[in-house]
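A.B. asks: Questions regarding the structure given below will be posed in turn.
The values are calculated or read from the model by the stated rules, or taken from the named source; none is laboratory data. Everything numeric here is computed off the predicted structure, so don't read it as measured data. All Cβ positions, glycine included, derive from the backbone under ideal geometry; neighbour counts span all protein chains shown. Accessible surface is based on the protein model in full, side chains and every heavy atom, while ligands, DNA and RNA are left aside. Shrake-Rupley method; radii C 1.70, N 1.55, O 1.52, S 1.80 Å.
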There are 2 protein chains.
Amino acid sequence: MCPPCFLMQLQQNTRTRAPEGRGGGVAKTAPRARPDMHHSSVFDLTHTLTADFPSYNGTRDLEIDTMKNFAEHGVNVKRWTVREHVGTHIDAPLHFSADGISCDLIPADDLVVPLVVIDIALRAQDKASTAVTPDDIAAFEARHGPIPEGCCVAMHSGWGRHVRTAKYRNADEEGRMHFPGWHVECAHALLERKVTGLGVDTLSIDMGPTETFETHYAWLPAGRWAIEGLANLDQLPATGSTIVLGAPKIAGATGGPTRVFALV
Amino acid sequence: MCPPCFLMQLQQNTRTRAPEGRGGGVAKTAPRARPDMHHSSVFDLTHTLTADFPSYNGTRDLEIDTMKNFAEHGVNVKRWTVREHVGTHIDAPLHFSADGISCDLIPADDLVVPLVVIDIALRAQDKASTAVTPDDIAAFEARHGPIPEGCCVAMHSGWGRHVRTAKYRNADEEGRMHFPGWHVECAHALLERKVTGLGVDTLSIDMGPTETFETHYAWLPAGRWAIEGLANLDQLPATGSTIVLGAPKIAGATGGPTRVFALV
């Protein structure tokens, strides 16, 4: 680290200001001391959400109503009716637990974290119902070094490119979906590594055909978040970027549509 | 700039990768070349949004319905019915124009920008219906240097601390509100400086008593965004931080609840 960088980090790590002060009305906690973030470009990992965006259950999960229009009222205002788990969206611990924290209670520090991308796109081309396995994690770490504590690990399966086709849900004649996900053993392995978030470019952190949602049940009740439906993972390096989750701060939310950026 | 920083910037400024690739399904544009972002702490500028959050019109602008609950379904899922302009939220150009761009079309590069904070909190303590004026901009620039192109300029009036009291709307007996905002002449001055975003810790970029919304009409149709209802501005330095707007990427949105961070 160069001297100016080191000095800046030193100053900032000794900062004691609260992130939520008089204006916030919530508990004061000091920002986490963290290594410098050092970036110069912004990538958008968010799909545009439309009323017909493919949803996990095949339902229409967003309706948009016009409340005021410019010609008549001099202003445009709309109203959304939206299920929380549609589009590029976060799952809060509460989504798959009785008493996990809701989305608004996830600390800001846990929503801006290093991003690691594990690429299984080549394998997923030939086999939709494949999973990221502990072997993939081992191979990744052999090449890129240990997955750091406190990061987000995202599966890049190439599925983001299918978002506007039937391949995104890839449902068979019985309605069972086929797309890649995280093997539950990876959830356990990444909990051991104290990873903060799990990401996918598919509809679910569990593989499409699951009936048990075992990765969800292993991951979220452990106080971790997941981010599903990521876009543009093919544009990112395997390590070195920071993911920023603009997760909704709606009281009691179990998750919700989220604007996601990668700072590279 | 130290040699490693310079080298990293050089590498990144010559990057030609597209921010929205095969996975995005939207137009490819290269990330903007920008100076290094160099930060080590995260501040949350977002108020928690509840169904009874004070709204501009005094209406109830959010309803939350439980769709599935853990005891019965093994999963928690809710549905929101939400007007776009409630809580800490962005105004897209479309909000106050016939044909401005909607929220989903604001480039990611314009949602991660340097933040400048102009503090009028002392004056606003004694006079609620005060405005940031060109004199405030001149005084700020005399002390901190020119306001840079492409940044967000936020008014810190101290109003964020009133969010859970009647003072936030500060309505008189006739229902007219009294809180600080931006004088329209500032909108013109900041357009000349090619500023990207205008921020406030109140309900509106216009002063509370306005009937003409002249700051909205000067600013948004010029292709700029505004961010209203910011929290915790009292925690930030006047310059040197980066604001990140997790603006909803909902097709056609005129704005919407937004998770906002400052990287310091």
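A.B. asks: What's the long-distance tail for the range B:154-207, i.e. % of Cα pairs beyond 14 Å? Write out the running numbers ahead of the final one.
C.D. replies: Working: 796 of 1431 pairs.
When all Cα pairs of the range B:154-207 are counted, 56 percent exceed 14 Å.
A.B. asks: Continuing with this model, one more query. Ignoring ligands, DNA and RNA, what accessible area per residue does chain A give at 1.4 Å, in Å²?
C.D. replies: Details: 10240 Å² over 264 residues.
With all protein chains present, chain A gives 39 Å² per residue.
A.B. asks: Rounded to the nearest 500 deg cm²/dmol, what is the calculated helix-only ellipticity per residue at 222 nm for chain B, with -39500 (n - 2.57) per DSSP H run of length n ≥ 4? Mind dumping the intermediate values first?
C.D. replies: Numbers: 6 runs with 47 residues, N = 264.
After summing the helix terms and dividing by the residues of chain B, the value is -4500 deg cm²/dmol.
A.B. asks: Among A:Met37, A:Ala251, A:Val184, pick out the residue whose Cα is farthest towards the positive end of the charge dipole of chain A, where Lys and Arg carry +1 and Asp and Glu carry -1 on C-beta, about the Cα centre.
C.D. replies: A:Met37
A.B. asks: Shifting gears a bit: For the protein assembly as shown, which whole percent of the accessible surface, found with a 1.4 angstrom probe, sits on carbon and sulfur atoms?
C.D. replies: Values: 10790 of 20450 Å².
Carbon and sulfur atoms account for 53 percent of the accessible area of the protein assembly as shown.
A.B. asks: Taking only C-alpha pairs under 8 Å that are 6+ residues apart, what is the relative contact order of chain A in percent?
C.D. replies: Computed value for chain A: 27 percent relative contact order.
A.B. asks: Partner chain Cβ atoms within 10 Å, averaged over the residues of B:69-76 - can you pull that number for me? Write down the numbers at each step before the final one.
C.D. replies: Working: counts 2, 8, 1, 0, 0, 6, 11, 14.
Average neighbour count from other chains, rounded to a whole number: 5.
A.B. asks: Once the piece of chain linking B:Glu174 and B:Met67 is laid out straight, how much longer is it, given 0.36 nm per residue of separation minus the C-alpha distance between them?
C.D. replies: Details: separation 107, 0.36 × 107 = 38.52 nm, distance 3.99 nm.
Contour length minus Cα-Cα distance gives 34.5 nm.
A.B. asks: For the B and A pair, go ahead and give the buried accessible area with a 1.4 Å probe, both sides summed, in Å² to 100. Before the final figure, lay out the partial values.
C.D. replies: On the way: alone 14100 and 14110 Å², together 20450 Å².
That pair of chains buries around 7800 Å² in total.
A.B. asks: Could you grab the relative contact order for the range B:142-264? Cα pairs under 8 Å, six or more apart, rounded to a whole percent. Numbers along the way, then the final one.
C.D. replies: Numbers: 187 pairs, mean separation 30.5, N = 123.
Computed over the range B:142-264, the figure is 25 percent.
A.B. asks: Counting Lys and Arg as +1 and Asp and Glu as -1, what is the net charge of the other residues whose Cβ lies under 14 Å from the Cβ of B:Ile101?
C.D. replies: Details: positive: B:Arg224, B:Lys249; negative: B:Asp91, B:Asp99, B:Asp104, B:Asp109, B:Asp110.
Taking every other residue near B:Ile101 into account, the sum is -3.
A.B. asks: When the Cα atoms of the range B:55-120 are enclosed in a convex hull and the volume is divided per residue, what value in Å³ results?
C.D. replies: Values: hull volume 13.3 nm³, N = 66.
Enclosed volume per residue, from the Cα hull, is 202 Å³.
A.B. asks: Take every Cα-Cα distance within the range B:72-155, group them into 5 Å bins from 0 onward, and report for each bin the whole-number percent of pairs it holds.
C.D. replies: Per 5 Å bin, starting at zero, the Cα-Cα P(r) for the range B:72-155 comes out as 3, 10, 13, 15, 16, 16, 12, 6, 4, 3, 2, 1, 0 percent.
A.B. asks: Follow-up. Between copies, how far apart are the A:Asp126 label points? List them in nm, one decimal, shortest first, with each point 7 Å from Cα toward Cβ, please?
C.D. replies: 7.8
A.B. asks: Here is a follow-up. For a Förster distance of 60 Å, can you work out the FRET efficiency between the beta-carbons of A:Thr212 and B:Leu122, rounded to the nearest 0.05? Show your work: numbers first, answer last.
C.D. replies: Values: r = 59 Å, r/R0 = 0.99.
After rounding to 0.05, the efficiency reads 0.50.
A.B. asks: Of the listed peptides A:142-149, B:56-63, what is their order by residue-averaged count of other C-beta atoms within 10 Å, with the highest listed first?
C.D. replies: Numbers: A:142-149: 12.0, B:56-63: 14.4.
Order by mean packing, descending: B:56-63, A:142-149.
A.B. asks: Quick check: from the Cα gyration tensor, does chain B come out rounded (a/c under 1.5), prolate or oblate? Intermediate values should be presented prior to the final figure.
C.D. replies: Details: a/c = 1.62, a/b = 1.09, b/c = 1.49.
Judged from the Cα gyration tensor, chain B comes out oblate (a/c at least 1.5, b/c at or above a/b).
A.B. asks: How are the alpha carbon pair distances in the range A:109-264 distributed across 5 Å bins from zero to the largest one, expressed in percent?
C.D. replies: Calculated over all Cα pairs of the range A:109-264, the distribution is 2, 9, 19, 24, 22, 15, 7, 2, 0 percent.
A.B. asks: Could you compute the FRET efficiency for B:Arg143 and A:Arg79, with r as their C-beta to C-beta distance and R0 at 60 Å, rounded to 0.05?
C.D. replies: On the way: r = 43 Å, r/R0 = 0.72.
Efficiency computed from Cβ-Cβ geometry: 0.90.
A.B. asks: Also: Pick out, in residue order, every one of the GluC sites (Glu not before Pro) in the range A:206-264 that is DSSP loop and has at most 11 other C-beta atoms within 10 Å; say none if there are none.
C.D. replies: Details: sites: A:Glu211, A:Glu214, A:Glu228; in loops: A:Glu211.
Sites meeting the loop and neighbour criteria: A:Glu211.
A.B. asks: Restricting things to alpha carbons, tell me how big the protein assembly as shown is in terms of Rg and Dmax, in Å.
C.D. replies: For the protein assembly as shown, the Cα-based Rg and Dmax read 22.4, 69 Å.
A.B. asks: Give me the distance between the Cα centres of the range A:39-110 and the range B:166-193, rounded to whole Å.
C.D. replies: Comparing the Cα centres of the range A:39-110 and the range B:166-193, I get a distance of 29 Å.
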